[in-house]
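The next block holds one structure in the form of structure tokens; read it before the comments.
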Amino acid sequence: MRTLEKKSQLEELHAANVKEGLTLEYKASAAIDKRDDGKKLEMARDVSAFANADGGQIIYGMKEDDHEPAGLDDGVDGSVYPEIWFEQVLQHHIRPPIVGLRIRHVPLRRPMVAVVIDVPATRSDPHQVSDSKYYRRHNYSRLPMEHYEIRDAFRRSVDPDLDMEFDLLIGQAAHKNVEFTKFRDVSDPTPISATIRNKSNQPALYTVVSIFMDHRLKITNNGLFTPFVPRTFSQNDVRNQLMLKIGVPKQFPIFREMGYLLDPFYFTISDRLLGHRFGLGYEIRAPGCFREKHGFLEFGSSGQMRLVF
């Protein structure tokens with residue numbers, strides 16, 4: 001989700017010509033009217049469509065022209081339309097309620113505000129609107145869901161939904177550095193761990209985790225991971241690959257209620273490579289679930305490390 005809490009951040013969307021898409025929609029303030037039941041229903045359809053797809057943000061107060069931002073309008077009176085009013089409208093028209101929905105005012109010229117609605121992607125049963133239909137976001141538009149889409153959406157609640165978060169295991173300092181023993185041009189072994197989390201109520205009984213790291217970072221200790229021959233994604237993109245299989249009865253299933261902490265692996269870096277960023281990513285596979293994510297491990301010139309995902 002974009003950070004959209006200030007007028008300047010909304011204006012940046014216009015200046016950069018950030019177009020509408022699967023996870024972003026612009027709406028003029030005229031789309032909000034507490035006296036118009038049709039507009040309330042339209043709001044519920046739009047919000048539920050985002051939740052039934054990949055989630056996203058709806059910005060009320062931004063004009064649009066052919067899916068491009070056309071500048072902020074005057075907004076709505078924040079005292080007439082408090083955040084709680086939007087929550088009540090959506091709770092009235094959407095079943096089941098959307099967990100994690102965030103509605104906030106963005107101040108314009110007092111007392112006028114724009115309104116940003118952050119809509120999380122649902123990982124349980126799909127959301128139905130009070131017109132008895134299910135909707136889903138498709139690129140620039142909202143469409144009623146087909147039978148097969150509704151069927152697949154209900155299946156989400158019976159499949160695991162796994163994600164992973166890396167952790168640099170070097171004390172509790174805000175800035176984490178690689179260390180170099182005196183007179184050595186290669187760092188001491190540096191640990192990285194990760195935690196797998198399950199957003200679904202369905203436990204993951206069998207999981208395969210693959211981690212990819214730029215080959216210029218030398219893995220010195222695999223931990224419990226099995227090393228594979230480095231994978232070549234392009235001529236200039238070669239990555240080490242580590243794999244770990246998690247399954248019952250040897251290991252516990254991965255539950256929603258508790259994260260699964262992986263043992264760390266260790267790498268080293270040459271001092272000549274400080275000041276650069278290196279690819280780091282993962283894949284998680286389980287029955288009914290596949291997720292991949294790619295980011296970077298950045299190093300400052302003095303050895304500071306930062307994960308970027």
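The values are calculated or read from the model by the stated rules, or taken from the named source; none is laboratory data. Not measured: the values here are computed from a predicted model. FYI the Cβ positions are ideal-geometry reconstructions off the backbone, even for glycines, and counts take in every protein chain you see. Accessible surface is based on the protein model in full, side chains and every heavy atom, while ligands, DNA and RNA are left aside. Shrake-Rupley method; radii C 1.70, N 1.55, O 1.52, S 1.80 Å.
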Spelling it out for residue 194: with amide H atoms placed in the peptide plane at 1.01 Å from N, the residues 5 or more places away or on another chain with amide H under 5 Å from its amide H are 167, 262
Place the peptides 288-294, 110-116 in order of packing, highest mean first, counting for every residue the other Cβ atoms within 10 Å and averaging per peptide.
-> 110-116, 288-294
In deg cm²/dmol, rounded to 500, what helix-only [θ] at 222 nm does the chain give when every DSSP H run of at least 4 residues adds -39500 (n - 2.57) and the total is split over its residues?
-> -4500 deg cm²/dmol
Nearest 20 debye, what's the magnitude of the dipole of the chain about its Cα centre given +1 on Lys and Arg Cβ and -1 on Asp and Glu Cβ?
-> 740 debye
Using the 2.2 N^0.38 Å rule of thumb for compact globular proteins, work out how the chain stacks up: its C-alpha Rg over that value, please.
-> 1.20
Size of charge dipole - the stretch 82-228 - debye, nearest 20, with Cβ of Lys, Arg +1 and Asp, Glu -1, no other charges = 380 debye
Assuming R0 = 41 Å, can you tell me the calculated FRET efficiency for the pair residue 154 and residue 184, based on Cβ-Cβ distance, to the nearest 0.05?
-> 0.10
At 0.36 nm per residue, minus the direct Cα-Cα distance, what do residue 169 and residue 37 gain on full extension? Give it in nm, one decimal, please.
-> 42.2 nm
Relative packing of peptides 212-224, 39-51 - highest average C-beta neighbours within 10 Å first | 39-51, 212-224
Just name one of 276, 144, 32: the one whose Cα is farthest towards the positive end of the charge dipole of the chain (beta-carbon charges, Lys/Arg +1, Asp/Glu -1).
-> 276
Dipole of the chain [Lys/Arg +1, Asp/Glu -1 at C-beta], most positive-end residue of 244, 295, 15 | 244
Kindly flag which residue pairs out of 19/293; 218/293; 39/293; 250/293; 6/218; 19/218 have an alpha-carbon separation exceeding 31 Å in this structure.
-> 39/293; 6/218; 19/218
167, 159, ranked by accessible area, largest first (probe 1.4 Å) | 167, 159
Extension gain, residue 266 back to residue 197 (0.36 nm per residue minus Cα-Cα distance, nm) | 22.7 nm
Packing-wise, with mean Cβ within 10 Å as the measure, how do 24-31, 130-137 rank, highest first?
-> 24-31, 130-137
Charge dipole magnitude, Cβ of K and R +1, D and E -1 - the stretch 1-111, Cα centre, debye nearest 20 | 420 debye
Whichever aspartates and glutamates have a C-alpha closer than 13 Å to that of residue 133, once near sequence neighbours (fewer than 8 apart) are set aside = 42, 46, 146, 149
Residues in the stretch 128-147 near a label at residue 91, defined as backbone nitrogen under 20 Å from the 7 Å Cα→Cβ point?
-> 128-131
